[in-house]
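The values are calculated or read from the model by the stated rules, or taken from the named source; none is laboratory data. All values reported here derive from a predicted model rather than from experimental measurement. Neighbour counts run over all protein chains shown; Cβ positions are idealised from the backbone, glycine included. Please note that ligands, DNA and RNA were not included when accessible areas were found on the heavy atoms of the full protein model with its side chains. Shrake-Rupley method; radii C 1.70, N 1.55, O 1.52, S 1.80 Å.
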Amino acid sequence: QQQHFSLADCDVMGFDLDHTLCRYHLPQSAGLIYDSFAQYLVTEKGYDKDLLTLAPDSLDFCCKGLVLDIEEGNFLKLAEDGTVLRASHGTKSMTSEEILEIYGRREWKHFNTVSGMVSRSAKYYLYDNYFDLPGALLCARVVDSLDRHDGQKKYDFWKDMVAAIQHNYKISAFKEDCGTYFPEVKKNPDKYLQRCPESVKKWLKQLKSAGKILLLITSSHSDYCRLLCEYILGNDFEEYFDIVITNALKPGFFSHTPNQRPFRTLENDEEQEALLSLDKPGWYSQGNAIQLYELLKKMTGKLDPKVVYFGDSMHSDIFPAHHYSNWETVFILEELLGDKATVPAETESEPLEKKGKYEGDQPQAPYFVSKQWSSFFVDRLPGLENAEETLVRTWSCRCISAYSTIAIPSLEAIADLPLDYRFTRFSSNSSATAGYYPSPPRELLPNEESVTMK
């Protein structure tokens with residue numbers, strides 16, 4: 001496999017919408033998502049009212065890559081070989097001793113199913129994107145609350161959590177103003193959404209004028225998609241794309257066959273009858289990658305047009321597009337901004353007047369760098385004191401180099417590059433950090449600069 005990857009070589013560019021083309025103001029959207037699930041659990045399912053109050057720093061619990069062991073009420077951060085690096089019971093961190101006692105130095109019992117990304121299961125849930133993450137904090141607080149009240153050993157709150165998610169995000173929720181989430185985003189889009197930078201809009205147009213076919217493939221329903229796109233791109237947003245696919249129900253879009261998941265047309269945001277084949281560009285609902293690819297062959301006049309897909313979820317975008325469709329994948333990973341966005345350390349010791357200037361113009365450390373869970377990319381093995389040999393990559397980090405072609409912090413990071421810019425791709429024969437652009441996370445660099453883990 002060649003070492004380099006260039007967008008110029010791709011015939012088709014596919015984009016996920018949420019957290020890829022459409023960036024959110026994370027602390028605000030996290031608070032809203034938390035709130036929308038909590039309201040439901042308290043009002044509909046009779047959970048403790050305390051769940052409705054959210055301490056400002058409690059979102060620190062949210063860290064991509066956590067796995068919830070549903071029956072035990074434990075959250076786990078896994079190493080690439082499946083051993084447990086950190087864990088919490090509810091929101092409370094476990095000590096190294098507790099981790100070793102419960103989980104040992106062995107691969108976590110469900111790791112083989114998780115690591116194939118095959119399924120969501122009744123036994124665990126994988127938190128891998130910003131729509132899910134606030135739910136992790138809520139589940140952790142539910143465990144704390146159940147422990148306080150009934151000292152349970154096995155937990156049964158998950159069905160209620162699933163109901164909360166469905167209530168807020170179901171297909172008709174936007175239209176019916178149902179739940180807390182959609183009504184609030186409709187009322188205050190600028191509080192939650194970031195407009196698409198001019199550089200990215202220009203880049204999309206440039207891709208199109210270079211003859212590329214542009215796809216938008218999102219699991220959001222058409223009405224929410226329209227709200228987002230009009231806000232971030234403008235009323236002419238449909239001109240940016242050849243094909244728009246909403247309610248794509250990823251990862252099933254990639255893994256299902258045409259008869260399991262046919263395309264449907266839309267009228268007034270209502271899905272119409274199933275299509276036997278996909279014959280022309282346009283706006284569709286549901287569908288599958290197999291029939292989409294047949295249309296792309298027709299549109300490009302090539303036997304095997306090369307597709308690249310940009311997305312932010314390993315589970316729904318990157319793994320399935322790579323694994324089932326053999327597409328190139330660009331992983332959007334805001335965690336790569338983690339190094340840049342924190343206040344420089346040397347200001348710590350300065351007098352307060354001087355420090356003040358950073359509070360205003362310097363972004364606060366983004367909430368995606370969690371103090372409780374530490375780095376998304378690496379961590380120490382629990383229990384051993386001599387740290388040198390025991391820094392290991394997380395499972396999330398291994399997935400990035402296994403399933404993505406390259407990883408970038410945002411589309412903006414590459415929008416000004418020439419179309420034929422040659423990225424070094426992640427591949428078995430290059431270093432583990434090769435595919436990160438513009439630069440790998442500091443924690444993965446072997447030298448002294450690498451950050452010391454607290």
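Structure above, values below:
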item	result
Region 1-78 - convex hull of the alpha-carbon atoms, volume per residue in Å³	203 Å³
Surface share of carbon and sulfur [accessible, 1.4 angstrom probe, percent] for region 13-81	47 percent
Kirkwood Rh and Cα Rg combined as Rg over Rh, evaluated for the chain	0.96
Potential lengthening between Arg195 and Val42 on full extension [0.36 nm per residue; Cα-Cα distance subtracted]	51.7 nm
Accessible solvent surface per residue of the chain, calculated while the other protein chains remain in place, 1.4 angstrom probe, Å²	44 Å²
Pairwise label distance in nanometres, Ser93 with Ser431, each label 7 Å out on the Cα-Cβ vector	2.9 nm
Kirkwood Rh (inverse of mean 1/r, distinct Cα pairs), region 26-187, angstrom	16.4 Å
Computed lengthening from Gln2 to Lys306, 0.36 nm per intervening residue step minus Cα-Cα distance	108.0 nm
Long-range HN-HN contacts of Leu193 with modeled amide H, under 5 Å	His25
Residues listed by number, region 199-228, amide nitrogen under 17 Å from Asn268 label point at 7 Å toward C-beta	222-224
For region 4-21, Karplus couplings with θ = phi - 60° (6.51, -1.76, 1.60), whole Hz, Gly/Pro x	10, 9, 9, 5, 4, 7, 8, 8, 9, 10, x, 10, 6, 9, 5, 6, 10, 6
Relative contact order (%) - region 40-109, alpha-carbon pairs under 8 angstrom, separation at least six	18 percent
Whole-Å distance, taken between Cα centres, linking region 296-331 and region 390-409	19 Å
Residue pairs, from the table Lys202/Lys298; Lys205/Lys302; Lys153/Lys191, whose Cα atoms sit over 32 Å apart	Lys153/Lys191
Accessible area (Å², 1.4 Å probe, nearest 10) - Cys10	0 Å²
Estimated inter-spin distance, Lys175 and Leu276, nm [label 7 Å along Cα→Cβ]	2.8 nm
Sequence-distant residues sharing a close amide H with Ala407 (under 5 Å, placed H)	Phe331, Tyr436, Tyr437
Table column - 3J(HN,Hα) (Hz), region 251-259, Karplus curve with 6.51, -1.76, 1.60, x for Gly and Pro	x, x, 3, 8, 8, 8, 8, x, 6
Set of lysines with alpha-carbon distance to Lys175 below 16 Å, sequence-local pairs under 8 removed	Lys186, Lys187
Cα centroid of region 133-183 to Cα centroid of region 271-286, whole Å	33 Å
Under Karplus coefficients 6.51, -1.76 and 1.60, residue-wise ³J(HN,Hα) of region 431-445 in Hz, glycine/proline x	5, 5, 9, 4, x, 7, 10, x, 7, x, x, 3, 4, 8, 7
Label-zone membership for region 83-99, site Lys153, 7 angstrom Cα→C-beta point, backbone N under 13 Å	none
Kirkwood Rh (inverse of mean 1/r, distinct Cα pairs), region 97-237, angstrom	19.1 Å
Relative contact order (percent, whole number), the chain, Cα cutoff 8 Å, 6+ residue spacing	22 percent
For Tyr284, residues with placed amide H under 5 Å, excluding near neighbours	Val244, Ile245, Thr246
